[in-house]
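Student: Here it is: the structure, laid out below.
The values are calculated or read from the model by the stated rules, or taken from the named source; none is laboratory data. Predicted model, so just to flag it, every value in this text is computed and none were measured. Because the Cβ atoms are built from the backbone with ideal geometry, glycine has one as well, and the counts that use them run over all protein chains shown. What goes into the accessible areas is simple: the full protein's heavy atoms, side chains included, and nothing from ligands, DNA or RNA. Shrake-Rupley method; radii C 1.70, N 1.55, O 1.52, S 1.80 Å.
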Amino acid sequence: MKILIIEDEKELCKSIVSYLREESYVCETASDYHTAISKISLYDYDCILLDITLPDGNGLHLLKHLKEDGKIDGVLIISAKNSVDDRVEGLKLGADDYLTKPFHMSELSARIAAIIRRKNFEGNIIIRLNEITIDTNARIAFYDETPLDLTKKEYQLLLYFITNKERVISKNAIAEHLWGDEMDMADNYDFIYTHIKNLRKKLLEKGSNDYLKSVYGMGYKFTGK
Amino acid sequence: MKLLNKYSRVHVITACIVLLISSVSYYFIIQNILLKQIDKDLKVEEQEILDYIHANNSLPQASDYRHQQIRFVKSGENIQDREITNTMEFDEREKEYEPFRRLSFPVTANNQHYTASVYKSRVETEDLLRLIMIVTALIFIILSAVMFIINRFVLGKLWQPFFNTLSELRTFNLQNKKRLNLTKSTIDEFEELNSSVSQMTDKISNEYETLKAFTDNASHEIQTPIAIIQSKLDLLIQDEAITEKQSKILQAVYDAIQRLNRLNTSLLLLAKIENKQYAAFHKINLKKKTEEKIADFNELWQANKFEVSCTLKDSIILMNYELADILINNLLSNATKHNYNGGKILISLTEYHLMITNTSNEPLLNEEKIFQRFYKPSQSKENNGLGLSIIKQICDASDMIATYYFNEEKHNFKIQWNSNR
């Protein structure tokens, strides 16, 4: 899958590329308006990451350009928090989804995966990892064809982990994914532990391997190793 | 119309005084002139009499005309001085006393001393004087009436541009981005006023826009370094070679970045509310919104084994929907954070108020200080002391009142509003 990252902050761009490359995405970058325009016109991307806070209002210009070119499909806009106007404008122009800075890499990865699923397979995709199958349309997870009885949060957690498999995800990132940053409850790590414990138990009950590993009390990793 | 009244009053009083003084002076001056005219005639008569006596050494004939009389009276030993006086003489024809002016002087004729008196009627001059005064009084009345009309109507109209400017200023609103609509005036002072007012409001609008842009830019500027730090942390934790010691440090860094982020978001929110950037009001179904929020928190409350009881009545108010969201969120958040396992939360909503009550390990809070920024009853790292400030700011911006009281070991936060909305 090919991703174009339009971001003028070099370090942030580097972080994103580094993380996504591990997920086997092919990444290209553009740090200014003109490079972005030329890349967009030359290639088609499965997903475009656009920072609409590019200087000189270029972010929105690019978005409009993408819309005019009919390439608005699969655009994920990155905006600054509290800049509601930009965000609303972006979504109105047809962007698929938005993320506000700062965001966790794992969150970004999950959003990109969702966009690509929607774009390429109209959201009707089955994700498979060994014996675990997830029907993203019906929002049901199966182990070896048997449906797992998961709560909404446990399902979200499983999907999140599988999308970011083999990556260490911090507790903060998990909390933000499940409850958003509005909740302000992310400090309540015990709460997260409970959910993960339950998910792990339900998987193990079906005879699954123990995929969910905790990493030195810092986060968790869904790993087959 | 106070200025008009004040002006009219001063005007009228001054006019009265001036007119009074001038009419009185006018009266005496005219009278003086008229009398001097009579005196001149009297002196002519005097001279004629003296000439006659000098020529003939005898008295001329006395006369008694309507307007002039000449009399001679033997004066004996007492020689009276020459004098001019006003007298009243009886007029045979009119059968009443009439005013005269008399010039009496001593004469000698035929070795006999006489006092000669020449009388000239003052009737006509008196009539003239009276006429002049009447005309003057009429002029005064007409002048006053005209002044009054001018004051009431014309001045009122003249001041119209000023009142227009005033009403434009009253409805001026920074959020509207509309320029003032000031009517042009031919009066220099009002044109100057309008131009100064326009300049000032334009400047204010520009500064406001700059400030608003700054708020948005500041958000961008700060978020980016935070985003970079967080992204590097996300990458760092992927490294399998991290020791336990290092991972503890990393977790601490993560938490600190999260606090910084929340702090920044809260401060920006406060600035925006103060700056009236959430000025749009919407019709909010508070009951529905509160129920939604309660559903969000429910999972957390169950995990903490809170005893939650809600009494929600129908309640619709007018307020900014984003602020409503944040308000309820912050209230419930506080009730959750400052609570203990197995504690209680009570939520009550009516047409007039929303009240959140919670048990807590913390004792009575300082009612005056708690809504101030960064006031924290305990050095807890879990809250940044801005939550309640935000609640207060939202209330101020939404025409609501926030109060706190401690009762039966429980903290109560009450938000009240006028229900005619």
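Student: How do the pairs read when you match residues in the stretch B:254-266 that are among the aromatic types (F, W, Y) with residues anywhere that are outside any helix (DSSP H, G or I), using Cβ under 7 Å and keeping only pairs 6 or more apart or on different chains?
Tutor: B:Y254/A:S170
Student: Give me the residue from the stretch B:5-51 that is in contact with a Ser or Thr (Cβ under 8 Å, 6 or more places away or on another chain) and not polar (S, T, N, Q) and, out of that set, farthest from B:L128 (Cα to Cα).
Tutor: Across the stretch B:5-51, the extreme among qualifying residues is B:V12.
Student: Can you pull out the residues in the stretch A:210-225 that are away from every other protein chain (no Cβ under 11 Å) and crowded, with 18+ Cβ neighbours inside 10 Å?
Tutor: Across the stretch A:210-225, the qualifying residues are A:Y211, A:L212, A:F222.
Student: Right, next: Tell me, please, whether a residue that is at pLDDT below 95, open to solvent by 70 Å² or more (accessible area, probe 1.4 Å) and in contact with a Leu (Cβ under 9 Å, 6 or more places away or on another chain) can be found in the stretch A:33-41. Outline the logic, then answer.
Tutor: Within the stretch A:33-41, the first condition is being at pLDDT below 95, and the residues that meet it are A:33-41.
Okay, now just the ones that are also open to solvent by 70 Å² or more (accessible area, probe 1.4 Å), so A:34, A:41.
From what's left, in contact with a Leu (Cβ under 9 Å, 6 or more places away or on another chain): none.
Within the stretch A:33-41, none of the residues are at pLDDT below 95, open to solvent by 70 Å² or more (accessible area, probe 1.4 Å) and in contact with a Leu (Cβ under 9 Å, 6 or more places away or on another chain).
Student: Still on this structure: Could you say which residue among B:L300, B:L312 is of a type in the set (A, V, I, L, M), at the interface with chain A (Cβ under 9 Å from one of its Cβ atoms), surrounded by fewer than 18 Cβ atoms within 10 Å (Cβ to Cβ) and more than 30 Å from B:E207 (Cβ to Cβ)? Break it down into steps so the answer makes sense when it comes.
Tutor: Details: B:L312 fails: at the interface with chain A (Cβ under 9 Å from one of its Cβ atoms).
It is B:L300.
Yes/no matrix, rows are residues, columns are (1) at pLDDT 90 or above; (2) part of a loop (DSSP other than H, G, I, E, B); (3) of a type in the set (A, V, I, L, M, F, W, C):
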position: A:I5; (1), (2), (3): yes, no, yes
position: A:L12; (1), (2), (3): yes, no, yes
position: A:L60; (1), (2), (3): no, no, yes
position: A:L63; (1), (2), (3): no, no, yes
position: A:D73; (1), (2), (3): no, yes, no
position: A:L76; (1), (2), (3): yes, no, yes
position: A:S79; (1), (2), (3): no, no, no
position: A:N82; (1), (2), (3): no, yes, no
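Student: Being in contact with a Leu (Cβ under 8 Å, 6 or more places away or on another chain) and among the aliphatic types (A, V, I, L, M) is the filter; apply it to the stretch B:117-142 and report the residue that is most open to solvent (accessible area, probe 1.4 Å).
Tutor: In this case the residue turns out to be B:L128.
Student: Next up: Select, from B:Q112, B:Q47, B:Q69, the only residue that is over 60 Å from the mean Cα position of the chain (by Cα), open to solvent by 90 Å² or more (accessible area, probe 1.4 Å) and among the polar types (S, T, N, Q).
Tutor: Working: B:Q112 fails: open to solvent by 90 Å² or more (accessible area, probe 1.4 Å); B:Q69 fails: open to solvent by 90 Å² or more (accessible area, probe 1.4 Å).
Result: B:Q47 is the single residue among B:Q112, B:Q47, B:Q69 that is over 60 Å from the mean Cα position of the chain (by Cα), open to solvent by 90 Å² or more (accessible area, probe 1.4 Å) and among the polar types (S, T, N, Q).
Student: Which of the strands (runs of 3 or more DSSP E) contained wholly in the stretch A:105-182 include at least 2 residues that are surrounded by fewer than 21 Cβ atoms within 10 Å (Cβ to Cβ)? Spell out the reasoning first.
Tutor: Numbers: elements: A:126-129, A:132-135, A:140-143, A:168-170.
The strands (runs of 3 or more DSSP E) meeting that bar are A:126-129, A:132-135, A:140-143.
Student: In addition: Scan the stretch B:227-260 for residues that are of a type in the set (S, T, Y) and part of a helix (DSSP H, G or I) and jot them down. Give the derivation first.
Tutor: As a first pass, look at the stretch B:227-260 and keep what is of a type in the set (S, T, Y): B:231, B:243, B:247, B:254.
Answer for the stretch B:227-260, where residues must be of a type in the set (S, T, Y) and part of a helix (DSSP H, G or I): B:S231, B:S247, B:Y254.
Student: Kindly provide the set of residues from the stretch B:173-192 that are in a helix (DSSP H, G or I), out of contact with any helix residue (DSSP H, G or I) (no Cβ under 6 Å at 6 or more places or on another chain) and over 30 Å from B:F281 (Cβ atoms), ordered by number. Break it down stepwise before answering.
Tutor: The initial filter retains those residues of the stretch B:173-192 that are in a helix (DSSP H, G or I), namely B:174-176, B:188-192.
Retained after the next criterion (residues that are out of contact with any helix residue (DSSP H, G or I) (no Cβ under 6 Å at 6 or more places or on another chain)): B:175-176, B:188-189, B:191-192.
Of everything in the stretch B:173-192, those that are in a helix (DSSP H, G or I), out of contact with any helix residue (DSSP H, G or I) (no Cβ under 6 Å at 6 or more places or on another chain) and over 30 Å from B:F281 (Cβ atoms) turn out to be B:D188, B:E189, B:E191, B:E192.
Student: Mind checking which residues of the stretch A:1-42 are within 14 Å of another protein chain (Cβ to nearest Cβ) and of a type in the set (G, A, S)?
Tutor: Result: A:S15, A:S18, A:S31.
Student: Residue check, B:Y208 against (1) modelled with pLDDT under 85; (2) part of a helix (DSSP H, G or I); (3) within 12 Å of chain A (Cβ to nearest Cβ); (4) open to solvent by less than 70 Å² (accessible area, probe 1.4 Å), all met but one. Which one?
Tutor: Tallying (1) modelled with pLDDT under 85; (2) part of a helix (DSSP H, G or I); (3) within 12 Å of chain A (Cβ to nearest Cβ); (4) open to solvent by less than 70 Å² (accessible area, probe 1.4 Å), B:Y208 fails exactly one: (3).
Student: Here is a list: B:Q230, B:Q223, B:Q251. Which entry is facing chain A (nearest Cβ under 8 Å) and at pLDDT below 85? Lay out the reasoning, then the answer.
Tutor: Working: B:Q230 fails: at pLDDT below 85; B:Q251 fails: at pLDDT below 85.
That would be B:Q223, the only listed residue that is facing chain A (nearest Cβ under 8 Å) and at pLDDT below 85.
Student: Another question, then. Looking only at residues in the stretch A:184-209 that are facing chain B (nearest Cβ under 10 Å) and either at pLDDT 85 or above or more than 22 Å from B:I257 (Cβ to Cβ) (or both), which one is least open to solvent (accessible area, probe 1.4 Å)? First the steps, then the outcome.
Tutor: Going residue by residue through the stretch A:184-209, those that are facing chain B (nearest Cβ under 10 Å) are A:184-191, A:194-195.
Next, from what is left, pick out any that are either at pLDDT 85 or above or more than 22 Å from B:I257 (Cβ to Cβ) (or both): A:194-195.
Details: A:T194: 60, A:H195: 18 Å².
Looking at residues that are facing chain B (nearest Cβ under 10 Å) and either at pLDDT 85 or above or more than 22 Å from B:I257 (Cβ to Cβ) (or both), I get A:H195.
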